[in-house]
Structures are given as structure tokens and as C-alpha cells.
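Comments concern the structure below.
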Amino acid sequence: MTKDFAIIPVKGLLDSKSRLSRALDPQDKKKLIIALLRDVLAAVEDAELFNRVLVVSPDPSVEKEAKLPAGTFFRQEGQGLNAGVRQSTLFATREKSSSVAVLLADIPLMEARDLKELYSAGDTTPRVVLSPSLKGGTNAMVREPPNIISPAYGRWSFSTHLRAAQKTGLSVYSVSNPRLSFDVDTPEDLIMMGRRDPNGKTHTARCLQEMTLLHSIARTSGSAH
């Protein structure tokens, strides 16, 4: 029987999303990071593909703030995304995992069907399945077996991962669609998110609507004095 693990790395509630700091105060940014994570976790749960889900972070407050189920949080020792993915991949390998899907914690539009599409790409193993972001990053990566290539997150990581996978001479696939390729990094992405989900189906869109509402109330009450 196969054992499939999902790994969702989160930098930390204070360190993540530095480019959003000019648009959001620290408290709102924290709420947004949790909302983004909840959307990714909801898609993972709906997909019913994984035997184990690990939210990996050096920040222990992620577990409490996101109200993670028991056994989901994996405490990262080193710094940086690649360290977290390496440590949790090693853990998955020791647990005899057949595959590991690394899913970034900021792809709020991802749905269960997208994860199923990643897993149905190609019918040969070993294999690597990659999903690029609009900015050249890697929003999702399935490695079967888990340590087939090393994580190389950072600028233009999609092409780095693709080259590493091609060098192995094994099967490599790319899966892209508008939901998987959209991630939230900048204030412009927040505006786009509002447009992509105007009805607030996602935790992220509802979080942004709440912030907008609260800010407009604050502005109104401020001008009344």
C-alpha cells in the first residue's frame, strides 16, 4: 500500500510575506497567513489523497493560531524553506512514505481536483510532478519517491527543480492551471484575490473582506471625531 505525505511549509507568522508589510499591519498580516494556510489545508483534506499532512514551521505559534489537528505540526530546526522541506522529507522517508507533495502555504485557490490532477500526471514511478507559479516559483511539487530530487526553493525555483528532475533521466511532468499558479505575495495579489473570489468562498477572501470592512469602519469613526 502506498503512503503519501503532504508537506506545507510556513516561514512563520512574523517573518512571512515581508512584501505585504507595506499594505498590512502585523496583526492583519498574521490573520492573512493563517487564512491562506487554512485554504491549502481544506483542499488537502477534500482531496483525501494523503495518509499524513505536515505543516512545517520554525514558529511554534503556527500550530496554535491555525488550530492544527494533533500530529499535523512539524517543528523545523533550521532556517529557510529548503531546510524545512528537507527535514520533513527525511521524516517522511523514515516513515516509509511512497511520495511527498510539497505545497506552498499561499495558494488559496487550489482545490482538491488540482491535487488529484497532480497525482494523475503520468503513470510511471519514479517521477517528479511540478506546478509553476506565475512568478517562476514552484507552488506544488510531487516527488515519488520523496528524495528523488533536493528542494531548491528561491528565485526561479521552477526551472531549477525542472532541470534537477530532467538530470535524473526519470519521468518529469508539469501541471499548471489558473488556481495552482496563483499565489499571494504582494499587495497587488491581494487585489487580484478579491477579484478572483468576490463571493468569499475561501478563507483568504473572507479575511480580506473583513479587513476592508474594519478599515473602512475605522476610517469612518475616525473622521466622525
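Just so you know, all these numbers are worked out from the coordinates, no wet-lab data involved. Model, not experiment: these values are computed from the prediction. Using ideal geometry, Cβ is built from the backbone for each residue, glycine included, and neighbour counts are taken over all protein chains shown.
Going by how many other beta carbons lie within 10 Å of each one, how would you line up ARG196, ARG155, ARG127, fewest first? Each step should come with its number before you reach the end.
Values: ARG196 17, ARG155 9, ARG127 20.
Result, fewest neighbours first: ARG155, ARG196, ARG127.
Order by neighbour count: THR212, THR202, fewest other Cβ atoms within 10 Å first, most last. Before the final figure, lay out each step's value.
On the way: THR212 12, THR202 22.
Ordered from fewest to most neighbouring Cβ atoms within 10 Å, THR212, THR202 come out as THR212, THR202.
Give me the one-decimal nm value for the distance between modelled label points at ARG22 and THR186, 7 Å along each residue's Cα-to-Cβ direction.
Simple spin-label model gives 1.0 nm for this pair.
Output the 0 to 90 degree angle, nearest 10, between the alpha-carbon long axis of helix 187-196 and the longest principal axis computed from the alpha carbons of the chain.
Once rounded, one gets 80 degrees.
Consider a paramagnetic label point 7 Å from the Cα of ALA42 along Cα→Cβ; state which residues of the range 3-18 have an amide N under 11 Å from it.
Under cut-off, by backbone N: nothing.
Would you work out the charge dipole size for the chain about its Cα centre, treating the Cβ of every Lys and Arg as +1 and the Cβ of every Asp and Glu as -1, and quote it to the nearest 20 debye? The partial results should precede the final answer.
Details: 30 positive and 25 negative charges, 73 e Å.
So the dipole magnitude of the chain works out to roughly 360 debye.
When the scattering of the range 155-205 is computed by the Debye formula from its Cα atoms alone, each counted once and equally, what is log10 I(q)/I(0) at q = 0.20 Å⁻¹?
For the range 155-205, the Cα-only Debye profile gives -0.78.
Show that you can apply the helix-only estimate: for the chain, add -39,500 (n - 2.57) for every DSSP H stretch of four or more residues, divide by all residues, and state [θ] at 222 nm to the nearest 500.
-13000 deg cm²/dmol
Roughly how big is the range 1-126's charge dipole about its Cα centre, with Cβ charges of +1 (Lys, Arg) and -1 (Asp, Glu), in debye to the nearest 20?
Details: 18 positive and 18 negative charges, 82 e Å.
Magnitude of the dipole: close to 400 debye.
Given 0.36 nm per residue, what is the gain on full extension from TYR173 to GLU65 after removing their alpha carbon distance, in nm? Spell out each step's value before the answer.
Values: separation 108, 0.36 × 108 = 38.88 nm, distance 3.53 nm.
In short, 35.3 nm is gained.
Using Cα pairs closer than 8 Å and at least 6 residues apart in sequence, work out the relative contact order for the range 4-224, in percent.
This gives 23 percent for the range 4-224.
Taking the alpha-carbon distance from LYS11 and a cut-off under 24 Å, which lysines remain once sequence neighbours fewer than 8 residues away in the same chain are dropped?
LYS29, LYS30, LYS31, LYS64, LYS67, LYS135
Could you give me the ³J(HN,Hα) list for the range 111-118, computed from phi with Karplus coefficients 6.51, -1.76, 1.60 and θ = phi - 60°, whole Hz, x at Gly and Pro?
Result, rounded to whole Hz: 10, 4, 5, 5, 5, 5, 5, 4.
Which of MET110, MET1, MET211 comes first, and how do the rest follow, when ranked by fewest Cβ neighbours within 10 Å?
Least to most surrounded, the residues fall as MET1, MET211, MET110.
Between ASN147 and THR212, how many nm apart are label points set 7 Å from Cα along the C-beta direction?
Each label point lies 7 Å from its Cα, and together they span 4.8 nm.
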